[in-house]
Amino acid sequence: DQQVKQNSPSLSVQEGRISILNCDYTNSMFDYFLWYKKYPAEGPTFLISISSIKDKNEDGRFTVFLNKSAKHLSLHIVPSQPGDSAVYFCAASYSGNTPLVFGKGTRLSVIA
Amino acid sequence: DTAVSQTPKYLVTQMGNDKSIKCEQNLGHDTMYWYKQDSKKFLKIMFSYNNKELIINETVPNRFSPKSPDKAHLNLHINSLELGDSAVYFCASSQGTHKETQYFGPGTRLLVL
């Protein structure tokens, strides 16, 4: 059973436009959410996170929105750049020594 | 000055063989992890070690045995390799709990023939 779901396997966006990547979760105990970015032949790298006490966190071109009632979060990238082309993983965790649970990833292609 | 390194990067072997993957981090972190990314692209935790002690073992077959000689190293030994073990294995580290940012190695691509 997938506790973290990224239902769009891929997304194409034009350079300069907004990229919106979505993530849904089923476990209401999750209280911390992260986005990781992965280039081919490399390991995932941390991008941005959000705690469940917030509904938005912004870092430069990247903003994560959390809707707890809908158990949904999204990552907005504005403006999108060709270097943003990568696979984006959503991950979630909750208190204690519980491991991160990752989604399947969404491949973003930013077209120049 | 790679933060988290893994060797080898690629590993092709026959069924039934025993192999090891090494991981080293130079970040001074006290928690290290092994993840498996299978053909369906799910990234799943296998093990987590904190200060050389096992804290998570996610129902991994006992053919997989992690070994942490010190805080900077977490090696993965796999006995009697099976076809289903083919995957990309990622090592990661963090300072403290799983909520802290985890830094991943580049991955080891294992193919069992």
Check A:25, A:88, A:32, A:94 and return the single one that is crowded, with 19+ Cβ neighbours inside 10 Å and at the interface with chain B (Cβ under 10 Å from one of its Cβ atoms). A:32
Counting only residues that are under 11 Å from the mean Cα position of the chain (by Cα) and more than 7 Å from chain B (Cβ to nearest Cβ), which one in the range A:97-106 is surrounded by the fewest Cβ atoms within 10 Å (Cβ to Cβ)? A:106
Taking the range B:8-29 on its own, how many of its residues are touching a residue at least 60 places away in the same chain (Cβ under 8 Å), surrounded by 16 or more Cβ atoms within 10 Å (Cβ to Cβ) and either more than 21 Å from residue B:49 (Cβ to Cβ) or within 14 Å of another protein chain (Cβ to nearest Cβ) (or both)? 6
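Out of everything in the range B:94-113 that is more than 17 Å from residue B:65 (Cα to Cα) and more than 11 Å from chain A (Cβ to nearest Cβ), what residue ends up being modelled with the lowest pLDDT? Before you say what the answer is, go through the steps one by one.
Of all residues in the range B:94-113, those more than 17 Å from residue B:65 (Cα to Cα) come to B:94-107, B:109, B:111-113.
This time we only want the ones that are more than 11 Å from chain A (Cβ to nearest Cβ), so: B:95, B:111-113.
Details: B:95: 89, B:111: 97, B:112: 97, B:113: 96.
So the residue we want is B:95.
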Does the range B:40-55 include one or more residues that are of a type in the set (Gly, Ala, Ser) and loosely packed, with under 14 Cβ neighbours inside 10 Å? no
So in the range A:28-77, with the set limited to residues that are small (Gly, Ala, Ser) and under 10 Å from the mean Cα position of the chain (by Cα), which one is modelled with the highest pLDDT? A:74
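The values are calculated or read from the model by the stated rules, or taken from the named source; none is laboratory data. This is a predicted model, so every value here is computed, not measured. Ideal geometry is used to build each Cβ from the backbone, glycine not excepted, and the neighbour counts take in all protein chains shown.
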